[in-house]
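*Asks:* Take this structure first; my questions come after.
The values are calculated or read from the model by the stated rules, or taken from the named source; none is laboratory data. Keep in mind the model is a prediction, meaning the values are calculated, not measured. We place every Cβ from the backbone using ideal geometry, glycine too, and count neighbours over all the protein chains shown. The protein model used for the area step is the full one, side chains on, heavy atoms only, and it has no ligands, DNA or RNA in it. Shrake-Rupley method; radii C 1.70, N 1.55, O 1.52, S 1.80 Å.
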Amino acid sequence: MATLCFQSPSKPIFKFHSKTKPFTKVSIFKPRASVQSQGLVIATEPEPVFTSVKTFAPATVANLGPGFDFLGCAVDGLGDHVTLHVDPSVRNGDISISEITGTTTKLSFDPHRNCAGIAAMATMKMLGIKSVGLSLALHKGLPLGSGLGSSAASAAAAAVAVNELFGRKLGNDELVLAGLESEAKVSGFHADNIAPAIMGGFVLIRSYEPLDLKPLRFPLEKDLFFVLVTPEFEAPTKKMRAALAKEIPMADHVWNSSQAAALVAAVLEGDVASLGKALSSDKVVEPKRAPLIPGMEAVKKAALEAGAFGCTISGAGPTAVAVIDTAEKGYEIGEKMVEAFLRFGDLKSIASVKKLDKIGARLIKSM
């Protein structure tokens, strides 16, 4: 029998074992990829084309059930804002965080310890910015530890802000790499939040070394709605990742692989019912995390009984995400999910119904 040891998502190493083993396991390790080794540095330092910019980056749903660390999508209407301007009082080549507002005041003003600051500095390094100093203001629209890509939204908005301020010299891959520097320090080296936050839509991360991102185009003529229910409960990403098994049975690996493939096909075909079915079918991650979120299993059951095509944990949680093809039905499903969180988890929660964000992080104002 064989064990798959994943040192890199694209480079499995096979080890063969005796046939006396009761079942074959898959060992899962953190992808070994170097952000610095893939980074781009602009040869000539660009000059600012604006004195100030304001950007927005959307919330994201990572994993999408069976796509742990390699599938994610952006959702419309929720996210973070960054305002960035040239500041003569800041030392050349540096960045200062001047203000943090919104859903939390717990974040550090030290740019080396703040996800927006880390991503901004990484982008400045790629651009070779040494002659001007920058000041950054962050407005959090997303709560911390919500499972909606809070850290990625801040990082994406900051990276895009720096890039826009200096004339949009970097492409999506470079901006994702800048965001990954932030994610690696804050929540772990995974791109299933930062990639869709920057690129919009659905994104498949085919590999990390080299970074290979595949946008998955959901048909324009099809309707897709996400029912997002966030309880008053914080689920830190690092804690939720620590709960995962180090090894899994080969049968579960095969099952999850087939469901992830089915989900990709459903996205490309615009088949929301099949998308929901695959979304609900994770046998590797959700079974370990759901018991850590009070009421989650009952919430999923309530969503499906109310007519949702599928339901799972958004990212590391605690937000539950269900999918449906009409907004009206989505609100009905959301009400049942809120009731289930309160009844079975003793948690108050808020439901919202959102569309797919097909744009990703963007410039919304410049001066």
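*Asks:* Which of K54/K140; K106/K214; K277/K354; K185/K239; K300/K355; K214/K246 have a Cα-Cα distance over 23 Å?
*Replies:* From the list (K54/K140; K106/K214; K277/K354; K185/K239; K300/K355; K214/K246), the Cα-Cα distance tops 23 Å for K106/K214; K214/K246.
*Asks:* Lys/Arg Cβ at +1, Asp/Glu Cβ at -1, dipole of the stretch 95-190 taken about the Cα centre: which of T104, A161, S131 is farthest positive-ward?
*Replies:* Selected residue: S131.
*Asks:* Once phi is turned into θ = phi - 60°, what whole-Hz ³J(HN,Hα) does the Karplus curve with 6.51, -1.76 and 1.60 give for every residue of the stretch 180-194, x standing for Gly and Pro?
*Replies:* With coefficients 6.51, -1.76 and 1.60, one gets 5, 4, 5, 4, 4, 8, 9, 9, x, 7, 8, 9, 6, 9, 5 Hz.
*Asks:* With a 1.4 Å probe and every protein chain left in place, tell me how much accessible area K54 has, in Å² to the nearest 10.
*Replies:* 70 Å²
*Asks:* Right, next: How long are the three semi-axes of the equivalent ellipsoid of the stretch 164-220, in whole Å, if each is the root of 5 times an eigenvalue of the C-alpha gyration tensor, listed from largest down?
*Replies:* Those come to 18, 16, 11 Å.
*Asks:* Now a separate question. Scan around S96 for amide H atoms under 5 Å from its own, H built in the peptide plane at 1.01 Å from N, and keep only partners 5 or more places away or cross-chain.
*Replies:* Here the answer is L134, S135, L136, since their amide H atoms fall under 5 Å of that of S96.
*Asks:* Taking amide hydrogens as modeled 1.01 Å from N in the peptide plane, which residues meet the under 5 Å criterion relative to I359, leaving out close sequence neighbours?
*Replies:* Placed amide hydrogens put G201 under 5 Å from I359.
*Asks:* Follow-up question, since we're still on this one. Pop out the ³J(HN,Hα) list for the stretch 321-333 in order, Karplus 6.51 cos²θ - 1.76 cosθ + 1.60 with θ = phi - 60°, rounded to Hz; leave Gly and Pro as x.
*Replies:* 10, 10, 10, 7, 10, 9, 5, 4, 5, x, 5, 5, 5
*Asks:* Ok, one more. Using θ = phi - 60° and the Karplus form 6.51 cos²θ - 1.76 cosθ + 1.60, what ³J(HN,Hα) does each residue of the stretch 132-147 get, whole Hz, x for Gly and Pro?
*Replies:* Karplus values, whole Hz, x for Gly and Pro: 9, x, 10, 10, 10, 10, 10, 10, 7, x, 10, x, 6, x, 9, x.
*Asks:* Let me ask something else. Using only the alpha-carbon atoms, what does the chain span along each of its principal axes? Please give whole angstrom values in decreasing order.
*Replies:* 64, 51, 39 Å, listed from the longest principal axis down.
*Asks:* Over the alpha carbons of the stretch 195-255, what is the largest minus smallest coordinate on each principal axis, giving the biggest first in Å?
*Replies:* 40, 37, 25
*Asks:* Then there is this: Using only the alpha-carbon atoms, how far is helix 115-127 inclined from the longest principal axis of the chain? Give it as 0 to 90 degrees, nearest 10.
*Replies:* Long axis of 115-127 versus the principal axis of the chain: about 60 degrees.
*Asks:* Post the alpha-carbon centroid distance, the stretch 211-248 to the stretch 317-367, in whole angstrom.
*Replies:* First find each Cα centre; the distance between them is then 13 Å.
*Asks:* Another question, if that's okay. What net charge is computed for the residues neighbouring G200, neighbours being all others with C-beta under 9 Å from the C-beta of G200, Lys and Arg scored +1, Asp and Glu -1?
*Replies:* Net charge around G200: +1.
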